[in-house]
Every structure is written in C-alpha cells, then in structure tokens.
Amino acid sequence: MSDIKEWEAANGAIPKGAWLLYRTGWSKYGDDAAAYANADENGPHTPGLTPAAARYLAEETEILGMGVETVGTDAGGAFGFDPPFPCHTMLMGANKYGVTQLRNLHLLPVTGAVVIVAPLPIVKGSGSPCRVLALVNK
C-alpha cells in the first residue's frame with residue numbers, strides 16, 4: 001500500500017480509466033519455469049499486492065485494470081491472505097481487468113503510456129490469451 005501512496009504523492013492520483021502496471025522485475029524469470037514460479041512445498045513465492053492495496057484499488061480508484069509480470073494477479077502466497085486471493089476477489093469483483101505475464105514494463109514511462117489489451121472473444125469465458133501493447137511518445 002505504501003508504494004501506491006508514494007507513487008500518488010509523486011505523480012498525482014491514479015487517473016480514471018488507467019491501467020495500473022505493477023512493475024517488479026519478475027519478468028526476468030520468464031524463460032525459466034522453476035524460477036518464475038519460485039515454488040516450494042508451501043506453494044509459489046512471487047510478488048503481489050497486499051489485501052489493503054487490492055481493496056484500495058478496487059474501492060478507491062477508477063482504474064480499468066491491473067497488469068503484472070507474474071503468472072497471476074495475486075501474490076504467490078495469496079491463498080494465505082485474509083481474504084484469500086484479494087486481487088481476484090476485490091479487483092475482478094469490482095469489474096476491473098487483470099492481465100498477467102507481462103514483459104518489458106521497465107521500458108515504459110512512469111505515466112503516459114497508452115495500453116491496449118486485445119483478448120480473444122471467447123464466448124462465456126472467464127479469461128483469454130491477450131496481445132498487450134503499450135504506446136509511448138518518443
């Protein structure tokens with residue numbers, strides 16, 4: 001939650017209709033399945049939002065959705081959070097989109113990129129592979 005508040009203090013409120021792209025550097029493990037999952041007998045260990053941050057984004061912002069570099073929108077240990085899987089329950093429950101397994105977020109500016117997410121039109125589907133593009137001014 002503190003990262004979001006620090007970002008807003010430096011850049012202003014998250015704009016209505018924005019995509020929040022959560023840059024952690026995790027995509028550097030994308031070509032190594034074991035490192036990417038970072039799993040052990042207790043499950044995966046990947047970065048993600050706290051329940052408080054997910055609640056804030058779901059209830060206090062008008063973002064369109066959130067994109068992450070990891071395999072899921074929730075942290076690897078989110079099954080143990082209260083509530084479990086807060087990004088899925090709160091963000092998707094608030095009709096906000098979730099996009100996973102993004103790469104090259106480090107190439108984007110802190111603000112100002114136009115994000116295009118193009119899913120396949122799967123009838124009655126709850127998810128889809130997507131082509132994700134970010135347009136930036138040079």
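The values are calculated or read from the model by the stated rules, or taken from the named source; none is laboratory data. Treat the numbers as computed from the prediction; the structure is a model and nothing was measured. Here Cβ is always computed from backbone atoms with ideal geometry, including for glycine, and neighbour counts include all displayed protein chains.
For the reader, a short list of remarks on this structure follows.
- Enumeration of residues in segment 109-138 that are within 17 Å of Leu21 (Cβ to Cβ), assigned to a loop (DSSP other than H, G, I, E, B) and of a type in the set (A, V, I, L, M, F, W, C): Val110, Ala113, Val136
- Residue in segment 100-115 that is in contact (Cβ under 8 Å) with a residue 60 or more places away in the chain and touching a Lys or Arg at 6+ places or on another chain (Cβ under 6 Å) present: yes
- Residue match in segment 1-11 (condition: modelled with pLDDT under 95, within 15 Å of the chain's Cα centre (by Cα) and farther than 28 Å from Ile116 by Cβ): yes
- Residue in segment 112-130 that is buried (at least 17 other Cβ atoms within 10 Å of the Cβ) and among the hydroxyl-bearing types (Ser, Thr, Tyr) present: no
- Cβ-Cβ under 6 Å pairs, at least 6 apart or on other chains, segment 51-69 side more than 18 Å from Gln101 (Cα to Cα), far side among the aromatic types (Phe, Trp, Tyr) and modelled with pLDDT of 95 or more: Pro51/Phe81
- Positions within segment 4-19 being of a type in the set (D, E, K, R) and in contact (Cβ under 8 Å) with a residue 24 or more places away in the chain, in sequence order: Lys16
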